[in-house]
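To start, the structure itself, in structure tokens.
The values are calculated or read from the model by the stated rules, or taken from the named source; none is laboratory data. Fair warning: this is a prediction, and the values are worked out from it, not measured in the lab. In this analysis, Cβ positions are derived from the backbone assuming ideal geometry, glycine residues included, and neighbour counts consider all displayed protein chains.
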Amino acid sequence: MRIPDHIGIIPDGNRRWAAARDLPKEKGYDWGLKPGLELYRLCKKLGVKELTYYGFTMDNTKRPNEQTEAFTQACIKAVEMLSKEDASLRVIGNTGSPKFPKELLKYTTRKTFGKGGIKVNFLVNYGWQWDLLKLYKRKRVGKRSINDYLNSNDVSRVDLIIRWGGRRRLSGFLPIQSVYSDFYVIDDYWPDFKAEHLYEALRWYDKQDITLGG
């Protein structure tokens, strides 16, 4: 089976998962921590070279305070969990905003943990306009790569994006790197993650005709 080099993860459905269990919506985020670590370990075992998690966006911070606090704390815990694994880890997001958690500032420069290996990007307080801001200010790119002008400049092209929760949208996920991504949707909510979700996405990806426009 063909394994994509870079997989993007949109772990959606946490609030709906909590509401379906008569829990406050903000209680769903912590239930997504264990699935995130399990997915990481599966991808590492399969030989995936790069993995990007969508933590939260700048737009997400418009939600009620209790939800904003809950998903911020969940992202802090998730990054700290990943820092105990073998990974080359970087947190990417608008650090100039008060919504960016100060606990994650030390991870905004890529660091190698353990034996390194798989490259992990974690998007926190991320916004697509913010990512492209330096590119907006350029009238022309010239001979330099577009990636040189991105805040997510060391993130490679995404081969496969998997979204949980049934929504059919990218929600601003890495607009430059995802331009030729294949997009697979899992209807189950993220806290209900199981290994078979990943395997079914990979089986589907294996059947796609990857042309990159050619």
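For Arg157, the test of being surrounded by 12 or more Cβ atoms within 10 Å (Cβ to Cβ), in a loop (DSSP other than H, G, I, E, B) and not hydroxyl-bearing (Ser, Thr, Tyr) is passed.
For every residue, the table says whether it meets (1) at pLDDT below 95; (2) aromatic (Phe, Trp, Tyr); (3) within 19 Å of Cys75 (Cα to Cα); (4) more than 13 Å from the chain's Cα centre (by Cα).
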| residue | (1), (2), (3), (4) |
| --- | --- |
| Lys143 | yes, no, no, yes |
| Tyr149 | yes, yes, no, yes |
| Arg167 | no, no, no, yes |
| Leu170 | no, no, no, no |
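Pairs are defined by a Cβ separation below 8 Å, a sequence spacing of at least 6 or placement on different chains, a first member in region 174-185 that is over 18 Å from Leu133 (Cβ atoms), and a second member that is among the charged types (D, E, K, R) and surrounded by 19 or more Cβ atoms within 10 Å (Cβ to Cβ); the pairs so defined are Ser181/Asp159; Asp182/Asp159; Phe183/Arg163; Tyr184/Arg163; Val185/Arg163.
State the number of residues belonging to region 1-50 that are among the aliphatic types (A, V, I, L, M), modelled with pLDDT of 95 or more and surrounded by fewer than 21 Cβ atoms within 10 Å (Cβ to Cβ). It would help to see each step written out before you state the result.
Narrowing region 1-50 to residues among the aliphatic types (A, V, I, L, M): 1, 3, 7, 9-10, 18-20, 23, 33, 37, 39, 42, 46, 48.
Those left that are additionally modelled with pLDDT of 95 or more: 3, 7, 9-10, 18-20, 23, 33, 37, 39, 42, 46, 48.
Checking which are surrounded by fewer than 21 Cβ atoms within 10 Å (Cβ to Cβ) leaves us with 3, 19-20, 23, 33, 37, 42, 46.
Looking only at that region, the number is 8.
Pro191 meets the conditions (1) modelled with pLDDT of 95 or more; (2) part of a loop (DSSP other than H, G, I, E, B) in every case but one. The failed one is (2).
The lone criterion from (1) more than 20 Å from Ile186 (Cβ to Cβ); (2) outside any helix (DSSP H, G or I); (3) among the small types (Gly, Ala, Ser) left unmet by Gly8 is number (1). Just a yes or no: is a residue in region 135-149 in a loop (DSSP other than H, G, I, E, B), closer than 23 Å to Leu170 by Cα and not polar (S, T, N, Q)? No, region 135-149 contains no residue that is in a loop (DSSP other than H, G, I, E, B), closer than 23 Å to Leu170 by Cα and not polar (S, T, N, Q). As a summary of the residue check, Thr109 satisfies the conditions (1) of a type in the set (Val, Ile, Thr); (2) in contact (Cβ under 8 Å) with a residue 24 or more places away in the chain; (3) outside any strand (DSSP E or B) except for the one numbered (2). Count of region 37-73 residues, restricted to those that are assigned to a helix (DSSP H, G or I), of a type outside the set (Val, Ile, Thr) and free of Cβ contacts under 8 Å to residues at least 60 places away in the same chain, is 12. Those residues that are on the phi > 0 side of the Ramachandran plot, out of contact with any strand residue (DSSP E or B) (no Cβ under 9 Å at 6 or more places or on another chain) and surrounded by 14 or more Cβ atoms within 10 Å (Cβ to Cβ), I need them from region 95-151; list them, please. Correct list: empty.
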